[in-house]
1. Taking the full set of protein chains and a 1.4 angstrom probe, give the accessible area of residue 98 in square angstrom, rounded to the nearest 10.
2. For residue 159, give me every one of the lysines with a C-alpha distance below 29 angstrom, ignoring sequence neighbours fewer than eight places off in its own chain.
3. Once the piece of chain linking residue 11 and residue 168 is laid out straight, how much longer is it, given 0.36 nm per residue of separation minus the C-alpha distance between them?
4. Would you mind getting the accessible area per residue of the chain, heavy atoms of the protein chains only, 1.4 Å probe, in Å²?
5. Taking the Cα centre as origin and putting +1 on Lys and Arg beta-carbons and -1 on Asp and Glu beta-carbons, what dipole magnitude results for the stretch 1-129, to the nearest 20 debye?
6. Using Cα-Cα distances under 8 Å and only pairs 6 or more residues apart, what relative contact order does the stretch 102-170 have, in percent?
7. For the chain, what is the calculated [θ] at 222 nm in deg cm²/dmol (nearest 500), taking -39500 (n - 2.57) for each run of four or more DSSP H residues and dividing by its residue count?
8. Label points 7 Å out from Cα along the Cβ direction at residue 147 and residue 32: separation in nm?
Amino acid sequence: YKNIVTVGLRTRDFEWTAQFIADFREKLPPEERANAHAYNLAALAHEQKNFAAALAALQTVEFTDLSYALGAKIIQLKCWFRMGEEEALFSLIDTTKKWLLRQSKMSEHGRRANLHFLKILRPLFQAVQSEKWMRPADFRKKMAVLREKIAILEPIANKEWLEEAISFAP
């Protein structure tokens, strides 16, 4: 269910993805249904840039599964970033780092990839937020440094999203 929704989101076919989420909800095991449905609605809302709806949907997701817990944190981080919510973003970056370090069932590769994502997210947000006070040349230089860091950090989760966030920075 989650994998198919992810493919639908990556193809940007939001109408089909929304229909799939609705049509196949009842085919999920009853004990997983509400969680999976809410999470995937949040993922859809986020991709549609409806950040408030994404955050609202995530409020009902129970973190019983590592995949949903991490996915929900990533969606929240991306929403706070796009909404310009510094305090919420930085707080969640810090708590997510601690959470990742405590996850004994997570692969080391997955842990490092997500820690690298968090390592870039804070300075990227700070750069984007300070752009209006910086000289254009200084801003471009800062973005170039971040692009370089993204290129060399391996593994890195959400690499495409980070690159997009840099390329669409004001």
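1. 130 Å²
2. Within reach: 2, 49, 73, 78, 97, 98, 105, 119, 132, 141, 142, 149.
3. 54.6 nm
4. Per-residue value: 58 Å².
5. 520 debye
6. 46 percent
7. Roughly -25000 deg cm²/dmol at 222 nm, from the helical runs in the chain.
8. Each label point lies 7 Å from its Cα, and together they span 4.1 nm.
The values are calculated or read from the model by the stated rules, or taken from the named source; none is laboratory data. If you're wondering where the values come from, they're calculated on a predicted model, not measured in any experiment. No Cβ is skipped: glycine too gets one built from the backbone with ideal geometry, and neighbour counts run over all protein chains shown. SASA here: full protein model, heavy atoms, side chains in, ligands and nucleic acids out. Shrake-Rupley method; radii C 1.70, N 1.55, O 1.52, S 1.80 Å.
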